[in-house]
Amino acid sequence: MSTQTVPIRDDSIRLGQFLKLANLIESGAEAKEVIADGLVSVNGELETRRGRQLVVGDLVEIGGVEVAVGAPE
């Protein structure tokens, strides 16, 4: 599985916001749904909190797609 890196603007970002930023989902409502359904993992562990704070280096996986949280450009 190849890992794409998506840079964030600040030191951290909420999981729901990152899923939208990385174009893994289309809306906040969809983020809530996929997270509640147990389809998202962070650093290899199932994550059920949409507000989970992600920092640079965290790995988010959804539907076989892995995206790393990157440093601001």
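The values are calculated or read from the model by the stated rules, or taken from the named source; none is laboratory data. What you see is a predicted model, and the numbers here were worked out from it, not measured in a lab. No Cβ is skipped: glycine too gets one built from the backbone with ideal geometry, and neighbour counts run over all protein chains shown. Areas reflect the complete protein model, heavy atoms only, side chains present, ligands, DNA and RNA absent. Shrake-Rupley method; radii C 1.70, N 1.55, O 1.52, S 1.80 Å.
Within the range 15-38, not a single residue is in contact (Cβ under 8 Å) with a residue 60 or more places away in the chain, open to solvent by less than 90 Å² (accessible area, probe 1.4 Å) and under 18 Å from Ala68 (Cα atoms). With (1) in a loop (DSSP other than H, G, I, E, B); (2) open to solvent by less than 70 Å² (accessible area, probe 1.4 Å) as the list, and Arg49 as the residue in question, which single condition is left unmet? Failing condition for Arg49: (2). Look at (1) at pLDDT 95 or above; (2) touching an Asp or Glu at 6+ places or on another chain (Cβ under 6 Å); (3) outside any strand (DSSP E or B) and you find that Met1 fails only one, number (1). Does Ser27 fit the bill of being farther than 21 Å from Ser2 by Cβ and polar (S, T, N, Q)? Against the criterion (farther than 21 Å from Ser2 by Cβ and polar (S, T, N, Q)), Ser27 qualifies.
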